[in-house]
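What follows is a short report on a single structure.
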Amino acid sequence: MATLSEAITELERTRGGGGLNVVFGAARELGPWRHERIVSDVHDRLFALMTTA
């Protein structure tokens, strides 16, 4: 989970298009755990990233 968090931080900084696909793919894989707080936080960060893009 730390690596995914670091990748999101990098995307927030660079807005790299290819990285978006990788990070969103990883986030989709976390679907079964979407009710866990840490996964929810990841989804919140990705939503914020998309709304500021």
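The values are calculated or read from the model by the stated rules, or taken from the named source; none is laboratory data. Just so we're clear, the structure is a prediction, and the values are computed from it rather than from any experiment. As a convention, Cβ positions derive from the backbone with ideal geometry for all residues, glycine included, and neighbour counts pool all protein chains shown. Side chains are part of the model used for accessible areas, which takes the heavy atoms of the whole protein and leaves out ligands, DNA and RNA. Shrake-Rupley method; radii C 1.70, N 1.55, O 1.52, S 1.80 Å.
Stokes-Einstein diffusion for the chain at 37 °C, viscosity 0.692 mPa s, with a Kirkwood radius from C-alpha pairs, works out to 297 µm²/s. The accessible-area ordering, largest first, of the residues 38, 8 stands as 38, 8, per a 1.4 angstrom probe. Counting only protein chain heavy atoms and rolling a 1.4 Å probe, the accessible areas of 37, 45 rank, largest first, as 37, 45.
When all protein chains stay in place and ligands, DNA and RNA are ignored, the 1.4 Å accessible-area order of 24, 47, largest first, is 47, 24. To the nearest 10, the accessible area of residue 3 is 110 Å² with a 1.4 Å probe. One decimal place: the segment residue 44-residue 1 gains 14.0 nm when fully extended, by the rule 0.36 nm per residue minus the C-alpha distance. Note on residue 29 and residue 14: the model spin-label points, each 7 Å out from Cα along the C-beta direction, lie 1.9 nm apart.
In the chain, helical runs assigned H by DSSP with n ≥ 4 each contribute -39500 (n - 2.57); averaged across all residues and rounded to the nearest 500, the mean residue ellipticity at 222 nm is -25500 deg cm²/dmol. Using heavy atoms of the protein chains and a probe of 1.4 Å, the accessible area assigned to residue 5 is about 40 Å².
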